[in-house]
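Taking it in order: structure first as structure tokens, then the write-up.
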Amino acid sequence: AQSVTQLGSHVSVSEGALVLLRCNYSSSVPPYLFWYVQYPNQGLQLLLKYTTGATLVKGINGFEAEFKKSETSFHLTKPSAHMSDAAEYFCAVSEGENNDMRFGAGTRLTVKP
Amino acid sequence: DGGITQSPKYLFRKEGQNVTLSCEQNLNHDAMYWYRQDPGQGLRLIYYSQIVNDFQKGDIAEGYSVSREKKESFPLTVTSAQKNPTAFYLCASSIRGGGSTDTQYFGPGTRLTVL
């Protein structure tokens, strides 16, 4: 069965600095990978997803992620952090016909002024 | 305005009581899901439904029950058998139930507190 590990439960960056949130997965078949963002007391919103094709995926709010099969990774990046990026971020992997999605434990991003 | 609605936003329950959380979608999606979110544990799947009148247990179904009588509705009942029900509950839907590329769209969540 597939699984996801997010390295670092908390990440803190300064406004304008690079954001890097790490995600590693395990999957027995080619995975489909997702990043979601959650603001306090709200549901999850899709940032981006990888299915097939180009391994560098661009999402909303200036985020992007690169699928690296050799490293089983799907790290999320943004060149310049904004205060509004402060939230919790979840990496997820899906495989199989039932759209069985597995989520990582989440990484809370803090942006300092 | 299409989307997923969950009600209520906050819910308080006394020990030993059953409580039902509502989830409605007007996206015409076939599949719907219920997740439980606890701090530091991400989301865990409780139940999912690929089509009307059909549903399957997820990883933590014990103490929960669901129904799917209508395409747009997927209510979750938290029964007194659930030993630790205090959590944030999220409902989601996707276009199809079978198809790993389909995005799951989430509702705003219901925070359940057992007093």
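The values are calculated or read from the model by the stated rules, or taken from the named source; none is laboratory data. Fair warning: this is a prediction, and the values are worked out from it, not measured in the lab. Methodologically, a virtual Cβ is constructed for each residue, glycine included, from the backbone with ideal geometry; neighbour enumeration extends over all protein chains shown. Note: accessible area is taken over every heavy atom of the protein model, side chains too, but ligands, DNA and RNA are not part of it. Shrake-Rupley method; radii C 1.70, N 1.55, O 1.52, S 1.80 Å.
Below, the figures for the structure above:
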{"read-out": "Distance between the range A:1-63 and the range B:3-63 - C-alpha centres, whole angstrom", "value": "23 Å"}
{"read-out": "The range A:15-113: relative contact order as a whole-number percent, Cα under 8 Å and 6+ apart", "value": "33 percent"}
{"read-out": "The range B:21-32 - phi-based ³J(HN,Hα) in whole Hz, Karplus 6.51/-1.76/1.60, Gly and Pro as x", "value": "9, 9, 9, 10, 10, 10, 8, 6, 7, 6, 9, 9"}
{"read-out": "Long-range amide H partners of B:Leu43 with built H, under 5 Å", "value": "A:Phe103"}
{"read-out": "Where labels lie 7 Å past Cα in the beta-carbon direction, separation of A:Gln42 and B:Asp38 in nm", "value": "2.7 nm"}
{"read-out": "Pairs from A:Lys68/A:Lys112; A:Lys49/A:Lys112; B:Lys14/B:Lys70; B:Lys57/B:Lys83 whose Cα-Cα separation, in the structure shown, is over 25 Å", "value": "A:Lys68/A:Lys112; A:Lys49/A:Lys112; B:Lys14/B:Lys70"}
{"read-out": "Residue with peak Gaussian network fluctuation, chain A [Cα springs, cutoff 10 Å], from A:Pro40, A:Pro30, A:Pro79", "value": "A:Pro40"}
{"read-out": "Residue-averaged beta-carbon neighbours from other chains (10 angstrom radius) around B:40-46", "value": "5"}
{"read-out": "Gain in span if fully extended, B:Ile95 to B:Ser67, counting 0.36 nm per residue against the direct Cα distance", "value": "8.2 nm"}
{"read-out": "Top of A:Ala81, A:Ala65, A:Ala17 by mean-square fluctuation, Gaussian network on chain A, Cα under 10 Å", "value": "A:Ala17"}
{"read-out": "Surface per residue (accessible, 1.4 Å probe) for the range A:24-113, Å²", "value": "45 Å²"}
{"read-out": "Theoretical FRET efficiency, 1/(1+(r/R0)^6), r = Cβ-Cβ of B:Thr5 and B:Leu115, R0 30 Å, to 0.05", "value": "0.75"}
{"read-out": "Assigned charges on the beta-carbon of Lys, Arg, Asp, Glu; the protein assembly as shown dipole about Cα centre (debye)", "value": "380 debye"}
{"read-out": "Residue-normalised accessible area of the range B:10-95, expressed per residue, 1.4 Å probe, Å²", "value": "47 Å²"}
{"read-out": "Loop-located trypsin sites (Lys or Arg not before Pro) in the range A:1-102, at most 11 other Cβ atoms within 10 Å (DSSP)", "value": "A:Lys69"}
{"read-out": "Cβ-Cβ FRET estimate between B:Asp54 and A:Thr55, R0 fixed at 45 Å, reported to 0.05", "value": "0.80"}
